[in-house]
Amino acid sequence: MTETAQSRSVQPGRMEVGRIEVITGPMFSGKSEELIRRLKRAQIARLRIASFKPDIDLRYQRDAIASHSAHSIEAVAVGDVARLRAALFPALETIDVVGIDEAQFFDDTLVGLAMELVRAGKRVVLAGLDTTFAGEPFAPLPALMAIADEVEKLSAVCMVCGAPAIHTQRLGTSQQLVVVGATGVYEARCRACFRPEGDVPGAEQLKLPG
Ligand code: ADP
Ligand code: MG
Ligand code: ZN
């Protein structure tokens, strides 16, 4: 029998379909805040959530995803994608939504894991930096953005001029890719005020000479 238009039509609820959401932008753009907001809404909807962050990011709390504005949600700190997988898969039946913060600190195998989770019908919400302090794409975010169902790119406020900021400015001149820190180490900058080679704090530039 040939397939009719009828048999090919969408059948709502036919199978559990997962979803990949990426929240990205520079430091201080509200990525963690937005991730926490989505995870808390999922909890209100009685969905079962599991949240993770890389253990490199222990700036605020070991057992929580935290924002610069002091919002937080319980999370497990894991060393790498293999450990994330090991924490997740034995309990997968009991999880509806997987939240991952600071995704740029995991390697490219995070992309495969996100695909496996979405095929298993999970909603996967990932937050992370899209560019490095040098303004280059920050793997694995570019690949995650490409496979996502939805990408939200947030901007911060430029600390020099107040315009919307897409860059993470490193203060000082270190060329190491990963220097974990927040205020005093990094600040948000717009395209015009960004100095990939390193700079001094924006507030200092606003001081009048003399
Ligand atoms: P991210 O995870 O993207 O680094 P957070 O969610 O942790 O961002 O923090 C966002 C909060 O940081 C804002 O709501 C605001 O209170 C604060 N903040 C500090 N500096 C800035 C800035 N330059 N631009 C915007 N928000 C800032
Ligand atoms: Mg954050
Ligand atoms: Zn600016």
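Computed over protein heavy atoms with a 1.4 Å probe, the accessible surface of segment 16-154 works out to 45 Å² per residue.
Under a Cβ-Cβ cut-off of 11 Å, what is the net charge of the residues other than I166 that fall near it, where Lys and Arg count +1 and Asp and Glu count -1?
Numbers: positive: K153, R189, R191; negative: D130.
After counting each charged neighbour, the total is +2.
What's the long-distance tail for segment 16-154, i.e. % of Cα pairs beyond 22 Å? Each step should come with its number before you reach the end.
Numbers: 2765 of 9591 pairs.
Everything past 22 Å amounts to 29 percent.
The values are calculated or read from the model by the stated rules, or taken from the named source; none is laboratory data. Computed from a predicted model, the values in this text were never measured in an experiment. For neighbour counting, all protein chains shown are included, and Cβ atoms are generated from backbone atoms with ideal geometry for every residue, glycine included. Note: areas computed on protein heavy atoms with side chains; ligands, DNA, RNA excluded. Shrake-Rupley method; radii C 1.70, N 1.55, O 1.52, S 1.80 Å.
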